[in-house]
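The block underneath contains the structure these notes are about, expressed in structure tokens.
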Amino acid sequence: MQIIYVKPKQNQQYPNSLICQRRRNNQQLTITQIRLHSVLLSLTNEGLQIKPGPSEAKTSEDCKSVIVKPMSKVNLLAEFSKMCEMQLGKFKSCKIEDFEILKTVGKGAYAEVKEAIHKSTREVVALKIYEKSKLLDQVKRASLLREIRILESLNHPNIVKIYACIDDGNKIVIVLELVKGIPLKTYLQKKENVDASESEKLALFKQIAMAIAYCHSKSVAHRDLKMENILITPQKYVKIIDFGFSVRTKPDRKCKILCGTPNYMAPEIISKHEYYPQPTDVWALGVILYHTLCGVFPFQSN
């Protein structure tokens with residue numbers, strides 16, 4: 001059984017527990033009681049159990065795995081070149097020329113994502129393409145390198161897979177599993193899913209919880225769990241994406257970097273206190289569960 005520890009914390013602004021309610025057939029039903037800091041959530045099969053943890057813990061300037069020393073441009077490119085040696089299975093020794101780009105599926109400040117097909121295997125993948133000129137920022141560089149390392153170490157059916165990292169001259173190309181799905185929030189808002197049963201919704205949540213339990217068993221905290229980072233495929237499988245804020249750290253170490261999305265942030269993060277990264281994932285899970293069942297957030301950010 002995987003144990004995830006949550007340190008109880010008193011905060012007058014946020015209640016320790018709340019009742020999740022909604023109406024069905026004009027009757028008010030109590031669905032579940034979410035205890036947001038001292039919470040015990042049991043899931044059969046995987047046996048995810050969350051309970052109050054030790055009162056004492058080590059602290060650090062931030063989690064060791066996210067401390068990044070200044071790096072020269074030469075060392076930066078050397079680091080990426082080393083990462084680009086990571087090519088798995090059927091994509092071993094692949095180059096960007098081995099892929100036929102089909103279309104652009106997304107674009108951000110640092111990267112764009114394209115749907116592509118591998119010419120030899122005919123497998124459809126996602127190519128996340130970064131311009132090296134945009135990766136000289138220390139924080140973004142650390143985030144990308146950390147995301148690649150962490151994704152490389154994870155292998156779970158509900159977590160997006162990384163296949164290869166290619167150094168293509170002026171670009172870094174990450175080859176990822178293409179997930180043809182929609183965000184959880186969009187999925188729940190679709191007409192055919194508005195009246196989905198509680199058991200259907202909880203089946204989705206169970207997949208999310210099992211994926212996060214797996215991450216925690218590998219000492220990885222996601223730190224940006226939100227409905228937009230949870231994709232639902234047409235077959236109703238869950239895929240968790242975007243590990244840009246993720247960190248690998250021991251359960252007894254705290255972080256203090258402010259990250260995440262306000263509606264999903266634990267009180268200690270909002271209060272700018274040091275925090276245990278894994279338990280903040282558990283808080284976000286509680287918010288996601290509440291929104292999945294009720295259609296609204298338990299707390300509103302401002």
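The values are calculated or read from the model by the stated rules, or taken from the named source; none is laboratory data. Everything numeric in this text was worked out from a predicted model, so none of it was measured. Please note: Cβ atoms are built from the backbone with ideal geometry, for glycine as well, and neighbour counts cover all protein chains shown.
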Quiz prompt | Set Glu198, Glu228: member being surrounded by fewer than 18 Cβ atoms within 10 Å (Cβ to Cβ), closer than 30 Å to Tyr130 by Cβ and either touching a strand residue (DSSP E or B) at 6+ places or on another chain (Cβ under 9 Å) or polar (S, T, N, Q) (or both) | solution = Glu228
Self-check item: Residues that are surrounded by fewer than 22 Cβ atoms within 10 Å (Cβ to Cβ), in contact (Cβ under 8 Å) with a residue 24 or more places away in the chain and either in contact with a helix residue (DSSP H, G or I) (Cβ under 7 Å, 6 or more places away or on another chain) or closer than 18 Å to His222 by Cα (or both), drawn from segment 270-287
Solution: Glu274
Quiz prompt | Complete set of residues in segment 265-286 that are among the charged types (D, E, K, R) and within 15 Å of Arg253 (Cβ to Cβ) | solution = Glu268, Glu274, Asp281
Exercise. Please enumerate the residues belonging to segment 292-302 that are closer than 22 Å to Ile208 by Cα and modelled with pLDDT under 90.
Key: Phe299
Quiz item: Within segment 284-291, can one find any residue that is at pLDDT 90 or above and either of a type in the set (D, E, K, R) or under 12 Å from the mean Cα position of the chain (by Cα) (or both)?
Solution: yes
Self-check item: Odd one out for Cys259 among (1) modelled with pLDDT of 90 or more; (2) among the hydrophobic types (A, V, I, L, M, F, W, C); (3) in contact with a Lys or Arg (Cβ under 9 Å, 6 or more places away or on another chain); (4) part of a loop (DSSP other than H, G, I, E, B)
Solution: (1)
Self-check item: Condition check for Ala109: assigned to a loop (DSSP other than H, G, I, E, B), at pLDDT below 90 and more than 16 Å from Ile240 (Cβ to Cβ)
Solution: yes
Quiz item: Got at least one residue in segment 151-164 being crowded, with 21+ Cβ neighbours inside 10 Å and over 24 Å from Gln207 (Cα atoms)?
Solution: yes
Self-check item: Number of the exception - Lys180 against (1) surrounded by fewer than 16 Cβ atoms within 10 Å (Cβ to Cβ); (2) more than 15 Å from the chain's Cα centre (by Cα); (3) touching a residue at least 12 places away in the same chain (Cβ under 8 Å); (4) more than 13 Å from Tyr237 (Cβ to Cβ)
Solution: (4)
Quiz item: Looking at Lys134, Lys161, which is the one that is closer than 14 Å to Ile241 by Cα, assigned by TED's automatic domain parsing to the domain that holds Lys103 and among the charged types (D, E, K, R)?
Solution: Lys161
Self-check item: Hits in segment 122-145 (condition: more than 20 Å from Gly169 (Cα to Cα) and in contact with a Phe, Trp or Tyr (Cβ under 8 Å, 6 or more places away or on another chain))
Solution: Val125, Ser143
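This table checks each residue for (1) charged (D, E, K, R); (2) within 22 Å of Asp98 (Cα to Cα).
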site: Tyr130; (1), (2): no, yes
site: Lys134; (1), (2): yes, no
site: Asp137; (1), (2): yes, no
site: Arg141; (1), (2): yes, no
site: Glu147; (1), (2): yes, no
site: Ser153; (1), (2): no, no
site: Ile162; (1), (2): no, yes
Practice problem: Might you let me know whether segment 229-251 holds any residue that is part of a helix (DSSP H, G or I), touching a helix residue (DSSP H, G or I) at 6+ places or on another chain (Cβ under 8 Å), modelled with pLDDT under 95 and outside the structural domain of Ile159 (by TED's automatic domain parsing)? | Solution: no
Self-check item: Unmet criterion (only one of (1) surrounded by 14 or more Cβ atoms within 10 Å (Cβ to Cβ); (2) closer than 17 Å to Cys294 by Cβ; (3) of a type outside the set (Lys, Arg)) for Tyr214
Solution: (2)
Self-check item: Subset of segment 133-188 [in contact with a Ser or Thr (Cβ under 8 Å, 6 or more places away or on another chain), among the charged types (D, E, K, R) and under 14 Å from Asn229 (Cβ atoms)]
Solution: Glu147
Exercise. Name, by its number, the condition in (1) buried (at least 22 other Cβ atoms within 10 Å of the Cβ); (2) outside any loop (DSSP other than H, G, I, E, B) that does not hold for His291.
Key: (1)
Quiz item: If only one of Phe243, Phe205 is crowded, with 24+ Cβ neighbours inside 10 Å and hydrophobic (A, V, I, L, M, F, W, C), which one is it?
Solution: Phe243
